[in-house]
Amino acid sequence: MDKSRKIIVSILALLTLSAVLAIVDITLTMKKKARSPYGITAPKFGPGVGVVRLSGAIEFSSDSVSPLVKSGSTESVLRRLEELEKDSNIKAIVLRINSPGGTVAATQEIYGKLQALRKKNIILVASMGDVAASGGYYAASACNHIMANHGTITGSIGVIAVSPNLKGLFEKLGIRMNVIKSGKYKDLLSSFREISPEERALVQEMIDSSYNKFLKDVSLGRNIPISDIQPYADGRVMNGETALKYKLIDEIGTFEMALARAREKAKLPEDAPVYDDVKNPLDQFFMTLDGMAQKGGGLERRVGLRDYYMLEYRYQP
Amino acid sequence: MIQYIRSLRWADYLFYVLTDPRKLMKTIETSESRIIPGGIFIVLFSALFEILTVSLLGAETQYFYYKVTYGVIFLFLIYIIEILMISSLVDLFCQFSGYGGKIRGILNLVCLAQFPRLLLLPAVYIFKVFHFAPVFFYALFSIMLLLWTALIAVQGISEMHGMIFSRAFLVYLFPFAFYGLISFLLTMLIMVNFFGYFS
């Protein structure tokens, strides 16, 4: 054999040896568990629990929704519920609620969707976060089982409509509005004048109707008579412990416990997969952007008058 | 094939890669086969050794097994695409400069020129064993071996077309300048879109 060929064969032998040593070295010093939560994991498949997150104000989005930024609006919650409904692997759903409520129609739509899922024998477990009051509780009442943390703010069963009265301010500034209307109630809840007794009665009628619907739906969802709920359905908020005492919830527990309860009720094994909406860092990034967008919306809501003229199932301190 | 491996004729190519790139080019040009299989294997092992070297530097998890299987295949494909693009652009530039097109020769040359990069693993391993700045030496050796690879390719191109070294260097630099420009323009476009979208 040529000397040059011997040199090359020796180099290749050295390279092979170093590669084998490297593989053995890496395997021996390998950590047992992944360091990062985003490490490669086995793909999830088979029957499991779906997670739906209901966060922030419950209302239909009026702005255009970008394809990149996920919206936390009612539409996205309904879309997620529909997605889980179509998935044959989903045997139970945990509805994670962190919401002070929202508009009547949007809340009723979510409640209706949850009831439809319940009729399809999909187990629904509500898990309450910081706050699940008013419309947030309304949505929870559609579930088979409700769990809240000890300090969760819940309850606030009731309806509210707020209209600012700026008459005094306008008079001070010398501003008068010209209103031409087809009927006497066309500018109902106008901010530029006092509300008349007839108008108040009209709004009150709508509020009472929505309130009765709220009571009826909670009674239906919780399977308890209206008379048992009514004493505490005066708009009061309460913590998880009190809500348990009044039978507005079934159990005190965390999100993890809610997942375990969902598995148990759906007769799934303890290690059944959880299909969560937020599953990869990219999604989380966009969810964060969405959160920023929502915060912006909240600010607008506090300083503007845009959304004042609505009936709401909302806890509004 | 077995006879070819036993004959160790392939070892001559590797020897010339390390010692005399001009002679390597001459041997490639007189070679009977259109594609030298050794070149492809060198690219494959280059991908494997790169991943092993990087894995040695960090604390590995079970994810390592994905890296040495799917990861190596993926990196190998990237290297192949990279080599194809560099070779075609070098050949294109040569033709524009009035030299003949010799894509087969350039492809074999660029593939074989990757051989020194295999030395990265044992070189870094020594510093890893002694815990003496392995990351620094990884970066240093990577740059040095990359320059060595480029030097082999430039000398080969110079020999292939009988052009002076500096011109061969410019020819080899052309694909990188081209990619740099394209990447810069693409980055600008993405940034403009990104900021436009979020503002």
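What the table below lists for this structure:
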item: Above-threshold pairs, the threshold being 18 Å between Cα atoms, out of A:LYS91/A:LYS119; B:LYS67/B:LYS128; A:LYS120/A:LYS213; A:LYS6/B:LYS26; result: B:LYS67/B:LYS128; A:LYS120/A:LYS213; A:LYS6/B:LYS26
item: Cα principal axis extents for the protein assembly as shown, largest first, Å; result: 108, 60, 42
item: Accessible area, probe 1.4 Å, largest first, for residues B:VAL110, A:VAL179; result: A:VAL179, B:VAL110
item: Largest to smallest accessible area among B:ARG104, B:ARG9, A:ARG236 [probe 1.4 Å]; result: B:ARG9, A:ARG236, B:ARG104
item: 5 angstrom amide H check on A:ILE58, placed H, neighbours 5+ away; result: A:GLY101, A:GLY102, A:THR103
item: Selected from B:HIS161, B:VAL171, B:ALA133, residue furthest toward positive end of dipole (the protein assembly as shown; charges at beta carbon); result: B:HIS161
item: Antiparallel DSSP beta bridges within the protein assembly as shown, as percent of all bridges there, nearest 5; result: 20 percent
item: Region B:68-125: C-alpha gyration tensor shape, a/c 1.5 cut-off, then a/b vs b/c; result: prolate
item: Chymotrypsin sites (Phe, Trp or Tyr not before Pro) restricted to DSSP loop in region B:87-142 with at most 14 other C-beta within 10 Å; result: B:PHE130, B:PHE132
item: A:LYS6 accessible area, assembled protein chains, probe 1.4 Å, Å²; result: 110 Å²
item: DSSP H segments from chain B that extend 30 Å or more along their own axis, Cα-based, with Kyte-Doolittle mean of 0.5 or above; result: B:37-57, B:72-96, B:134-161, B:165-198
item: Chain B, dipole about Cα centre (Lys/Arg Cβ +1, Asp/Glu Cβ -1), debye to the nearest 20; result: 240 debye
item: Per residue value of the accessible surface for the protein assembly as shown (all protein chains in place, 1.4 Å probe), Å²; result: 56 Å²
item: Simple label model, 7 Å out from Cα along Cβ direction - B:LEU170 to A:GLU194, nm; result: 9.2 nm
item: Dipole magnitude of region B:1-72, debye to nearest 20 (Cβ charges: Lys/Arg +1, Asp/Glu -1, about Cα centre); result: 200 debye
item: Helical contribution to [θ] at 222 nm, DSSP H n ≥ 4, -39,500 (n - 2.57), averaged over chain B, rounded to 500; result: -26500 deg cm²/dmol
item: B:GLU82, A:GLU251, ranked by accessible area, largest first (probe 1.4 Å); result: B:GLU82, A:GLU251
item: Test item: Cα-centred dipole of the protein assembly as shown, Lys/Arg +1 and Asp/Glu -1 on Cβ, debye; result: 680 debye
item: In sequence order, calculated HN-Hα J values of region A:193-210 (Karplus, 6.51, -1.76, 1.60; Hz; x Gly/Pro); result: 8, 5, 7, 7, x, 5, 5, 4, 5, 5, 5, 4, 4, 5, 4, 4, 4, 5
item: Per-residue SASA entry for A:GLU59, accessible area with 1.4 Å probe, Å² rounded to 10; result: 50 Å²
item: Carbon/sulfur fraction of accessible area - chain B, other protein chains in place, 1.4 Å, %; result: 73 percent
item: For region B:72-199: rounded, prolate or oblate by the Cα gyration tensor [a/c cutoff 1.5]; result: oblate
item: Cα-based reach from A:LYS86 at 20 Å (exclusive), listing aspartates and glutamates while leaving out same-chain residues under 8 positions away; result: A:GLU75, A:GLU109, A:ASP276, A:ASP277
item: Probe 1.4 Å - accessible area at A:TYR315, Å² to nearest ten; result: 70 Å²
item: A:LEU202-A:ARG236 FRET efficiency (beta carbon distance; Förster radius 22 Å; 0.05 resolution); result: 0.25
item: Proximal aspartates and glutamates relative to A:LYS265, as straight alpha-carbon distance under 16 Å, when same-chain residues fewer than 8 apart are discounted; result: A:ASP250, A:GLU251, A:GLU256
item: Heavy-atom accessible surface that A and B bury in contact, both chains counted, 1.4 Å, Å² to 100; result: 2500 Å²
item: Selection from B:PHE76, A:ALA148, A:VAL159 lying farthest towards where the dipole of the protein assembly as shown points positive, charges on Cβ; result: B:PHE76
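The values are calculated or read from the model by the stated rules, or taken from the named source; none is laboratory data. These numbers come from a predicted model, not from an experiment. Positions of Cβ are backbone-derived with ideal geometry, glycine not excepted, and every protein chain shown enters the neighbour counts. Remember, those area values only see protein heavy atoms, side chains included, never the ligands or the DNA or RNA. Shrake-Rupley method; radii C 1.70, N 1.55, O 1.52, S 1.80 Å.
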